[in-house]
Structure formats: C-alpha cells, structure tokens
Amino acid sequence: MADNKEIVLSGIRSTGNLHLGNYYGALSKFVRLQNDYDCNFFIADLHALTTSPDPSQLHANVKNILAEYLAAGIDPEKSTIFIQSDVPEISEMYLLLNMHVGIGELMRTTSFKDKARKALGIGAPAQEGEADDEAFEKEIIGASTNKRVNAGLLTYPTLMAVDILIQKATKVPVGKDQEQHLELTRRFARRFNSFYGVELFPEPYNFDFGGKPVKVPGLDGSGKMGKSEGNCIYLIDDPKVLRKKVMRATTDEGPKEPNSPMSEPVANLFTLLELTSAPDVVQHFRDAYADCSIRYGDLKKQLAEDILAVTTPIRDRINDIMADEAYLRRVVAQGAERARERAAATLAEVRHVMGIRKF
C-alpha cells in the first residue's frame with residue numbers, strides 16, 4: 001500500500017478449504033511479510049470457474065478462504081485482501097492482453113496439456129516434443145462436444161498474468177507447478193512493452209521468502225499435501241477428524257536393523273513432526289527409529305496432538321470470523337477499493353497506449 005514498498009501479490013483458487021500445506025508453505029510467511037512489503041492477497045474465484053463449480057459452493061468457498069486468510073493472521077489493515085471478481089478491471093485487461101498472446105504458446109503449457117488430457121481422457125505421451133504437440137492439437141480440435149476443454153483453461157496463464165501486471169507486482173510467490181506461468185507473465189510484459197514502446201509493466205519474479213522452500217507432505221505416503229489428492233489436514237478440521245486422519249496415515253512395517261533408511265511415508269511423518277513438534281520430541285522419535293524401538297502408533301498420537309496445538313487456535317478464529325458477516329463484508333469492500341485503485345490506473349494506461357481513448 002505504501003509507494004516505497006515492493007509489491008507482493010499472491011492468490012489462492014476458491015476450490016476448497018485451506019490445509020496445513022497452505023499454512024506452512026504460504027500463509028505463515030505472508031503474515032511475516034506484512035510490515036515490510038505492499039502485500040496483496042486475493043481469492044481467485046475467476047480462476048476457479050475453469051472447473052465449472054456449483055455456484056452456491058463457489059460462494060461458500062470464497063467465504064471460507066477469506067475467513068481462513070484472516071484467522072491465519074493476514075491483517076486487512078496491513079495487507080490488501082480482495083476477491084478477484086470484485087475488481088472488474090481484471091476482466092477487461094484479460095481481454096486486452098489476450099490480443100498479444102499466441103494460441104500456440106498457451107497450448108504448449110504443461111498445466112494446460114495435463115488438464116486437457118484429463119478432461120478428454122487422453123493418456124500422457126511417452127515423450128514430449130513437437131510430434132506430441134501436433135497430435136495433442138488434433139485431439140483438441142477433434143474432441144466430441146461432450147468432452148470439451150473450455151477456453152478459460154487455455155487462457156488461464158493470461159488471467160494469471162493480468163492478476164500480477166495490473167497491480168504491477170514484482171514479487172510473486174509461486175510453487176514449482178506455477179513457474180512456467182510466471183515465466184509467461186514476464187514474456188507477456190516484455191512483449192507488450194516492446195510492441196508499444198513503453199515501460200509500463202515491470203517483470204515479476206518468484207519470491208521464495210529466502211531459505212529452503214517448505215514442502216508439506218500429504219498423509220498418503222507420497223507427494224505433497226494437496227486438495228485434489230485427498231491427503232490433507234485442513235485448518236478447519238475438528239480434533240476427532242484430525243486425529244483419525246493422522247492415525248490412518250501410511251507407514252511401513254518398521255525398521256528391521258539399527259539406523260535403517262526411512263521409507264518415503266515414514267520420512268513424510270517426520271517432516272510433519274519437524275514442522276509442528278518441539279525439537280526434543282522429534283529427537284526422541286528419531287532415536288527410537290534408529291534403535292528399532294519406535295512404535296508408529298505413539299508417533300502418530302504425538303503428531304496429531306502437536307498439529308492440533310497449531311490448528312486449534314486458527315480453527316477457533318475461523319469459526320468466530322465466519323459468524324461475523326458484517327466484518328467480512330467490510331474487509332472485502334475495503335480490499336476491493338484498494339485493489340481497484342491501482343488496477344484502474346494500470347488499465348487506463350493500457351487503454352491509452354493501445355489507442356482505446358475517448359473522443
């Protein structure tokens with residue numbers, strides 16, 4: 001919000017509740033950034049439309065994430081918190097920027113190909129390359145009407161670029177799966193600036209917060225925690241649900257020899273333990289693993305209680321905030337006003353350089 005601070009922008013799609021991975025990977029870090037940067041955090045309800053959600057569920061998801069942002073410690077007096085669709089300038093600039101984006105470069109993005117193949121029931125190719133791109137394009141064009149890939153999915157990178165460029169953000173925290181989209185944003189910014197001979201858009205870069213990135217594993221023994229994988233601990237989970245999830249987490253038969261290497265499922269549990277437990281607790285279970293005396297049931301019980309110590313205060317705040325409709329309306333109204341102020345100024349510049357002017 002202050003002119004002399006670098007602009008940070010991040011958004012989360014409104015497709016479900018936030019989980020422990022969102023908290024440690026992003027939210028807890030966002031809270032620390034608020035005093036040093038011009039922070040802008042939004043709820044990406046327009047992006048969520050690519051999956052054709054039920055309208056009532058979409059609205060409920062927006063409200064849930066808004067409350068979870070606030071409960072996690074994002075302060076609306078220090079950061080701009082807004083809903084993507086509350087800034088109509090985004091939609092107009094999305095149209096205008098698409099005039100400088102090629103269909104081919106959008107169709108070649110990894111995320112589009114993965115999601116389109118899933119929608120069309122096409123398996124992944126044995127090897128990526130030009131031949132695969134041509135075959136993929138033929139599949140898209142020849143797809144039956146009951147197996148369509150919507151254009152919003154194709155132009156997702158353009159909308160993401162507009163989210164960033166319209167606020168002139170320079171620091172954008174993204175995960176590995178979004179790095180290609182951020183690179184496209186830089187390309188679009190350079191192309192627009194070059195085509196019109198202006199220096200309108202700064203090039204944004206991934207903001208990794210410094211230090212080693214946090215990868216929060218899921219409970220299923222592999223990969224990271226994610227909504228679509230069904231392996232999450234949600235911030236809103238009540239104690240009974242959370243304990244049951246942790247006790248069902250995948251493990252193995254246990255170490256057979258002292259100092260055995262850990263399997264991935266067990267290493268994942270220790271990663272969660274290191275995030276949420278005291279160092280002496282972690283060391284106790286590491287020693288027990290090393291000398292083959294570990295009991296996974298005891299580890300899981302300890303882990304569940306330590307996670308609850310983190311999530312219970314957040315869950316209580318979520319419930320309090322969700323019950324205060326007037327407060328939620330004030331937060332989004334204030335956020336929309338702030339976000340629109342900068343977005344409107346950027347859009348006016350874009351319209352001017354593109355020759356869209358009033359007589």
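The values are calculated or read from the model by the stated rules, or taken from the named source; none is laboratory data. The structure displayed is predicted, hence computed values, not measured ones. Note that each Cβ is placed from the backbone with ideal geometry, even for glycine, and that neighbours are counted across all protein chains shown. Heads up: the accessible areas ignore ligands, DNA and RNA and are worked out on the full protein's heavy atoms, side chains in. Shrake-Rupley method; radii C 1.70, N 1.55, O 1.52, S 1.80 Å.
Of all residues in the stretch 202-217, count the ones that are modelled with pLDDT of 80 or more and among the β-branched types (Val, Ile, Thr).
Here is the first cut: in the stretch 202-217, the ones modelled with pLDDT of 80 or more are 202-207, 215-217.
This time we only want the ones that are among the β-branched types (Val, Ile, Thr), so: 216.
The number of residues fulfilling the criteria is 1.
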Given (1) over 21 Å from MET322 (Cα atoms); (2) more than 18 Å from the chain's Cα centre (by Cα); (3) touching a residue at least 60 places away in the same chain (Cβ under 8 Å), number of the condition ASP86 does not satisfy: (1)
Counted residues, the stretch 316-359 - those being surrounded by fewer than 19 Cβ atoms within 10 Å (Cβ to Cβ), of a type outside the set (A, V, I, L, M) and closer than 23 Å to ASN17 by Cβ: 9
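Consider the stretch 1-33. How many of its residues are part of a loop (DSSP other than H, G, I, E, B) and over 22 Å from LEU275 (Cα atoms)?
Here is the first cut: in the stretch 1-33, the ones part of a loop (DSSP other than H, G, I, E, B) are 1-6, 14-18.
Subsequent filtering for residues that are over 22 Å from LEU275 (Cα atoms) retains 1-6, 14-16.
Qualifying residue count, the stretch 1-33: 9.
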Filter result for the condition that a residue is assigned to a loop (DSSP other than H, G, I, E, B) and in contact with a strand residue (DSSP E or B) (Cβ under 8 Å, 6 or more places away or on another chain), over LYS215, LYS256: LYS215
The stretch 45-67 residues that are more than 16 Å from ASP86 (Cα to Cα) and assigned to a helix (DSSP H, G or I), paired with ones that are modelled with pLDDT of 95 or more and open to solvent by less than 40 Å² (accessible area, probe 1.4 Å) (beta carbon under 6 Å, 6 or more apart): ALA67/ILE318; ALA67/ILE321
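Quick check on LEU33: is it modelled with pLDDT under 95 and either farther than 23 Å from ILE233 by Cα or open to solvent by 10 Å² or more (accessible area, probe 1.4 Å) (or both)?
Details: modelled with pLDDT under 95: yes; either farther than 23 Å from ILE233 by Cα or open to solvent by 10 Å² or more (accessible area, probe 1.4 Å) (or both): yes.
Taking the combined requirement at face value, the residue satisfies it.
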The stretch 6-40: number of residues that are within 11 Å of the chain's Cα centre (by Cα), over 15 Å from VAL214 (Cβ atoms) and not small (Gly, Ala, Ser): 3
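Which of the following residues is closer than 19 Å to LYS245 by Cβ, under 22 Å from the mean Cα position of the chain (by Cα), in contact (Cβ under 8 Å) with a residue 24 or more places away in the chain and in a helix (DSSP H, G or I): LEU275, LEU299, LEU328? I'd like the intermediate steps shown before the answer.
Numbers: LEU299 fails: under 22 Å from the mean Cα position of the chain (by Cα); LEU328 fails: closer than 19 Å to LYS245 by Cβ.
Just one listed residue meets the conditions, LEU275.
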Selection within the stretch 68-93 - in a helix (DSSP H, G or I) and surrounded by fewer than 19 Cβ atoms within 10 Å (Cβ to Cβ): ASP86, PRO88, SER91, GLU92
